[in-house]
Amino acid sequence: MTILEAIVLGIVQGLTEFLPVSSTAHLRIVPALLGWDDPGAAYSAVIQTGTLAAVCLALRTDIAALLKGTLTAALTGRPLATPEARLGWLIVAGTIPIVAAGFAFKDLIRGEARRLDVVLAALLAATALMAIAELACLSRARRLGSAGRDGLERVTGRDGVVMGLAQALALVPGTSRSGVTISAGMLAGLDRRTAARFSFLLSLPAVAAAALLEAWQQRDEILGSGPQAVTLAVGTITAGIVGYIAVRWLLKMLTGHTLWPFIAYRVGLAALLAGSLAAGWVTSPAI
């Protein structure tokens, strides 16, 4: 991989990790359209540490409150005494499904799930879920005068379970972690911004664990030489800078806008991928 490829893929990762358009799909589609090699699931997981740092910085106030509240409640012997402590445990519980699925299907995730025809199917399925969530939100607003429950303190145990299960679906490239978890939160009754904030917080343990695990298990492949380490670092730093801008913009945007622009974009991306596969511009070989 060249430095140029690392920068381009870092920009793609940073822009698409938090926007509900699927970063893993873009990290498969963009190299395929440009004639580059697939960077691989390990590389994709490790450069997510850049966007992990970005979301930690963007949501530092929420994260500090969660850590302080959870630790204080645990030290007093009342682990669920505060809203922050309850939210912290919800994030732990919501992380279990993706960890279990990641270990159970790790070979599939690294191999056949990265086929472009699988990416296309996941793009379409998750887009349909996002559209259903928006329609449900519109119906709720008309009936109740509200788009949903506002504020992290309004996140319930059911929300955590539903969004945690949805997050596990994001192991399939094309799904979009933020897309399916935000949609699941909206369907559970949260408003868009609250669903997005909890979605980003929920992603932190899973992204960190996946990056560390992949970096260790695939260290010879992605860190086997000086040039490989340099391109990985360049991609990660680029993803972090772009990701910080993207997450701040998305949280502000979802305060007064819907997911429909992203739904339209995903439909267009799926059409582009389908057309490219049909025309033979890209192929979907067994991996």
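The values are calculated or read from the model by the stated rules, or taken from the named source; none is laboratory data. Bear in mind the structure is a predicted one, so any value in this text is a computation, not a measurement. Heads up, the Cβs are rebuilt from the backbone with ideal geometry, glycines too, and the neighbour counts pull from every protein chain shown.
Numerical summary
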item	result
Sole residue being in contact (Cβ under 8 Å) with a residue 40 or more places away in the chain and in a helix (DSSP H, G or I), chosen from A128, A113	A113
Residues (touching a Ser or Thr at 6+ places or on another chain (Cβ under 7 Å) and either farther than 27 Å from Y265 by Cβ or among the acidic types (D, E) (or both)) located in region 112-148	D117, E134
Matching residues in region 273-287 - criterion: being surrounded by 14 or more Cβ atoms within 10 Å (Cβ to Cβ) and of a type outside the set (A, V, I, L, M)	S276, S284
Complete set of residues in region 60-81 that are closer than 28 Å to K252 by Cβ and crowded, with 19+ Cβ neighbours inside 10 Å	L66, T70
Residues (modelled with pLDDT of 90 or more and in contact with an Asp or Glu (Cβ under 9 Å, 6 or more places away or on another chain)) located in region 201-234	L201
Selection within region 156-170 - assigned to a helix (DSSP H, G or I) and of a type in the set (V, I, T)	V161, V162
Elements of type helices (runs of 4 or more DSSP H) contained in region 2-85, each with 3 or more residues being farther than 20 Å from R177 by Cα and either modelled with pLDDT under 90 or not polar (S, T, N, Q) (or both)	3-16, 23-34, 60-75
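Table: residues versus (1) buried (at least 19 other Cβ atoms within 10 Å of the Cβ); (2) of a type in the set (G, A, S); (3) more than 16 Å from A126 (Cα to Cα); (4) free of Cβ contacts under 8 Å to residues at least 24 places away in the same chain.
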{"site": "T175", "(1), (2), (3), (4)": "yes, no, no, no"}
{"site": "A209", "(1), (2), (3), (4)": "no, yes, yes, no"}
{"site": "A233", "(1), (2), (3), (4)": "no, yes, yes, yes"}
{"site": "L251", "(1), (2), (3), (4)": "no, no, yes, no"}
{"site": "G256", "(1), (2), (3), (4)": "no, yes, yes, yes"}
{"site": "A271", "(1), (2), (3), (4)": "no, yes, no, yes"}
